[in-house]
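The values are calculated or read from the model by the stated rules, or taken from the named source; none is laboratory data. Nothing here was measured: the structure is a model prediction, and the numbers come from that model. Ideal geometry is used to build each Cβ from the backbone, glycine not excepted, and the neighbour counts take in all protein chains shown. Calculation scope for accessible area: heavy atoms of the full protein, side chains included, ligands and nucleic acids excluded. Shrake-Rupley method; radii C 1.70, N 1.55, O 1.52, S 1.80 Å.
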There are 2 protein chains.
Amino acid sequence: MTHRKLEPHEIEQALQQLNSAGSPDWTLDNGKLTKTFKFKDFQQAFGFMTVCAMYAEKKDHHPEWFNVYSTVKVQLTTHDVSGISLKDIDLAKKMEATASRG
Amino acid sequence: MTHRKLEPHEIEQALQQLNSAGSPDWTLDNGKLTKTFKFKDFQQAFGFMTVCAMYAEKKDHHPEWFNVYSTVKVQLTTHDVSGISLKDIDLAKKMEATASRG
């Protein structure tokens, strides 16, 4: 996968794509691709995290995330390019697909 | 399990017990029982979270936690007593035991 820092207009385009697919909640927050997912309960929230964790490990690209009960806030960035890369967009798409599968 | 807000001296005692068992990293941070666990890698960190998540769900008492790669920061509190209860001490002990098992 391409592994360079995306330009602002590329990030903007990716955000539009992500937000047109699911609920429009992806933002660029403090340089990180960010979304707060809300689930029915803890089981659903941690189930989502488990699927995403397996994917992240397989791709060797991991999220920052915070969980409390049914809420999961994720923040994606690529350390070695000091910005957003296609790896983050890919992980965001996977998260969106996983969450919408409910 | 007893479900009342613990007094400061009870929390202090519990912290001493927790810290004598494992590494002395449990603190009271902003009214929450707090520890930052460090693991070898993401697999170990998320494995820890998975065991704790099952336990939390079973006990119906859930943590706030933040994970990035091999680090897991947990913050425990009991909302309906607006403080620390024995439920938090119990979950902290489980986390300590799970983490030290490697």
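A label point on B:Met54, set 7 Å along the Cα-to-Cβ line, lies at 1.5 nm from each of its counterparts in the other copies, closest listed first. Taking B:Phe66, B:Phe39, B:Phe48 as the candidate residues, the one with maximal mean-square fluctuation in a Gaussian network model of chain B, Cα springs under 10 Å, is B:Phe66. Anisotropy class assigned to the protein assembly as shown is prolate, per the alpha carbon gyration tensor with a/c at or over the 1.5 cut-off and a/b larger than b/c. Here's the list of aspartates and glutamates a cross-link from A:Lys94 could span, going by alpha-carbon distance under 16 Å and ignoring same-chain residues fewer than 8 apart: A:Asp25, A:Glu57, A:Asp60, A:Glu64.
Dipole magnitude for the protein assembly as shown: about 420 debye, using +1 per Lys or Arg Cβ and -1 per Asp or Glu Cβ, origin at the Cα centre.
So if R0 is 30 Å, what FRET efficiency would B:Lys59 and A:Ser20 give, r being the distance between their Cβ atoms, rounded to the nearest 0.05?
Working: r = 40 Å, r/R0 = 1.35.
Efficiency, rounded to the nearest 0.05: 0.15.
Along the charge dipole of the protein assembly as shown, pointing to its positive end and built from +1/-1 on Cβ of Lys, Arg, Asp and Glu, which listed residue (A:Ser85, B:Leu28, A:Phe42) has its Cα farthest out? After comparing all options, I get A:Phe42. Measuring only protein heavy atoms, the 1.4 Å probe finds A:Ser82 accessible over about 90 Å². Projecting 7 Å from Cα along the Cα-to-Cβ direction, the label point of B:Glu10 sits 5.6 nm from its equivalents in the other copies, listed shortest first. Plainly put, the tip 7 Å out from Cα toward Cβ on B:Thr71 is 2.1 nm from that tip on each other copy, the closest given first. Solvent-accessible area lost on pairing A with B (1.4 Å probe, both sides summed) amounts to about 1500 Å². A:Ser20 exposes around 90 Å² of accessible area when a 1.4 Å probe is run over every protein chain in place. Give the aspartates and glutamates whose C-alpha is closer than 20 Å to that of B:Lys58, dropping any in the same chain fewer than 8 places away, or say none. Candidates past the 8-residue exclusion: A:Asp41, B:Asp80, B:Asp88, B:Asp90, B:Glu96.
Extending 7 Å from Cα along the Cβ direction at B:Lys93 and again at B:Glu12 yields two label points whose distance is 2.2 nm.
Translational diffusion coefficient, Stokes-Einstein: compute it for chain B using the Kirkwood radius over C-alpha pairs as Rh, at 20 °C and 1.002 mPa s, and state it as an integer in µm² s⁻¹. The calculation lands on 157 µm²/s.
The rotation axis taking chain B to chain A passes closest to the C-beta of one chain B residue; that residue and the distance in whole Å read B:Phe66, 2. Using the 1.4 Å probe convention, the accessible area of chain A works out to 52 Å² per residue with neighbouring protein chains retained.
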